[in-house]
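Peer 1: If you scroll down you'll find the structure; I have some questions about it.
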Amino acid sequence: MAIEITGTGRAIPFRRIGNDELAEKIDTSDEWIRSHTGIGARHIADENTACSDLALEAAKNALAMAAGFQWPAGFSGFDTFGDPAAGLSEGDRADRDKAAAEYAGTIDLILLGTATADYCGCPPTACIVQDKLGAGQAAAMDISACCTGFIYGLETAAGLLNISGERKRALVIGSEVLSRLIDWDDRSTAVLFGDGAGAAVLEKTSGASAGQDRRGLLRSILGADGSGRESLIFRRGGSRNPFKAGEVVDKPIRLEMNGQEVYYFAVKAVTMTIEKLLKQEGVTIDEVSRIVPHQANARIVQAAGKRLRIPMEKFFLNIEEYANTSAASIPIALDELNRKGELKKGNLIMTIGFGGGLTYGGNLIVW
Ligand code: UT7
């Protein structure tokens, strides 16, 4: 028995803000952002769009793919959200929704990684998606592991599918609307983040889980270093620092970040996780077709690649277009590669992530 990814999807808000447009509002420049991060643009959700809306759209695309939906020629999965003129026609959208709804009824579990849930803790955003998908048989919960949420989600879903013979299919989603929770006047964070969602359908199949023909999720590494919890933090709004009656709030809840601390942690975490995954699985880097890292900063990936002497071509980077979409970045990247036909059956794929917590981890998957 193997646990395989049988469908991927993504949803990217239509509104795109390039570095130059941002530089008209805050004291920054395209040159600084590109040279320090590799970011060229970010996509931002409109004011009516929350985490569950993007998650729902990405989930539908993943479910329809798993159901074998025939995508119209030229559909790349891009710009499917908020722009009626792009992506799917009305008829194709209705067909996609039908295919997704039928498949949603067979899903046993929905896990949604996010740091920007629709509501503060309750209800879980996964439950909103479960309802809107019509996935009445599915258990649903959020995974709170920040940017590492999708990696934690895959391993958690695989564990829950393995434990019970009854559960056959899971939907793992990463979705974020970070634009709503960053301080647009703080140039050290405002330039880094974007909105989006990515999703994957995981299924128990009759494929082998070991040996030459092994398939699906082979192993994961999950880790955390809670001593770094203040390096990336929403200080207000939770039970530690709730808003009080009568309090005048001059700034909305916003992400605070110690960029350098996160940077050093990230380079160490990426390097260590790649080495560990290879060693534990007994494979060499040459056997890995693609590494799909969390898209936080191209320099983090370059530094880790240099330390391990891994050529940059092995890493897939789309940070230039989407910026850092936190828990969504890895499933968005997987879907982009998948829809381009760059993930072939039998390819060994590695995901690597890190983020608030501080958390880190990685998965090894035979596509
Ligand atoms: O998903 C995980 C979340 N976060 C991360 O992964 C972030 C990890 N950290 C980083 O990627 C990097 O630390 C940053 C990209 C955030 C910052 O890069 P850096 O090279 O560490 O810059 P710095 O903070 O040391 O700042 C260097 C200079 C400062 O000016 P002075 O003091 O040297 O005059 C900053 O004020 O760059 C200035 N600066 C900017 N200038 C133009 C900081 N942000 C900006 C900006 N535009 N947006």
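FYI, it's all coordinate maths here, none of it is from the lab. Since the model is a prediction, treat every value here as computed from it, not as a measurement. Counting neighbours? That spans all protein chains shown, and the Cβs are built from the backbone with ideal geometry, glycine included.
Peer 1: Based on DSSP loop calls and a cut-off of at most 10 other Cβ atoms within 10 Å, the longest stretch of the chain free of exposed GluC sites (Glu not before Pro) is what?
Peer 2: 248-367
Peer 1: Another question about this same structure. Taking amide hydrogens as modeled 1.01 Å from N in the peptide plane, which residues meet the under 5 Å criterion relative to PHE193, leaving out close sequence neighbours?
Peer 2: Those lying under 5 Å, H to H, from PHE193 are ASN324.
Peer 1: With N denoting the number of residues in segment 216-366, provide Rg(C-alpha) divided by 2.2 N^0.38 Å, to two decimal places.
Peer 2: Its radius of gyration relative to the 2.2 N^0.38 Å reference: 1.18.
Peer 1: Oh, and also: For LYS251, list the aspartates and glutamates whose Cα falls under 18 Å from its own Cα; do not include residues on the same chain fewer than 8 positions away.
Peer 2: Straight-distance partners of LYS251: GLU47, ASP183, ASP185, ASP186.
Peer 1: Here is a follow-up. Would you mind working out the magnitude of the charge dipole of the chain relative to its Cα centre, with +1 at each Lys and Arg C-beta and -1 at each Asp and Glu C-beta, to the nearest 20 Debye?
Peer 2: 1160
Peer 1: For the chain, what number results from the quotient of the Cα radius of gyration and 2.2 N^0.38 Å?
Peer 2: 0.94
Peer 1: Now for a separate question. Once phi is turned into ³J(HN,Hα) by the Karplus curve 6.51 cos²θ - 1.76 cosθ + 1.60 with θ = phi - 60°, what whole-Hz value does each residue of segment 155-164 show in order, with x for glycine and proline?
Peer 2: 5, 5, 4, 4, x, 6, 5, 5, 5, 10
Peer 1: What dipole magnitude, in Debye to the nearest 20, does segment 2-205 give about its Cα centre under +1 on Lys/Arg Cβ and -1 on Asp/Glu Cβ?
Peer 2: About 680 debye.
Peer 1: Take every Cα-Cα distance within segment 2-205, group them into 5 Å bins from 0 onward, and report for each bin the whole-number percent of pairs it holds.
Peer 2: With a bin width of 5 Å, the distribution comes to 1, 8, 15, 19, 18, 15, 11, 7, 4, 1, 0, 0.
Peer 1: Then there's this: Placing +1 on the Cβ of each Lys and Arg and -1 on the Cβ of each Asp and Glu in segment 216-366, which of LEU255, THR325, LEU218 has its Cα farthest towards the positive end of the resulting dipole?
Peer 2: Farthest towards the positive end: LEU218.
Peer 1: Among GLN295, THR205, GLY40, flag the residue with its Cα farthest along the positive direction of the charge dipole of the chain, charges on Cβ as +1 for Lys/Arg and -1 for Asp/Glu.
Peer 2: Toward the positive end, the furthest listed residue is THR205.
Peer 1: Find the Cα radius of gyration of segment 196-256, compare it with 2.2 N^0.38 Å by division, and give the number to two decimals.
Peer 2: So segment 196-256 has a normalised radius of gyration of 2.04.
Peer 1: Can you count the Lys pairs in segment 2-205 with C-alpha separation below 17 Å, eight or more apart or on different chains?
Peer 2: The result is 4.
Peer 1: Taking the Cα centre of segment 232-359 as the origin, how large is its charge dipole in debye, to the nearest 20, when only Lys and Arg (+1) and Asp and Glu (-1) carry charge on their Cβ atoms?
Peer 2: Here segment 232-359 has a charge dipole of around 260 debye.
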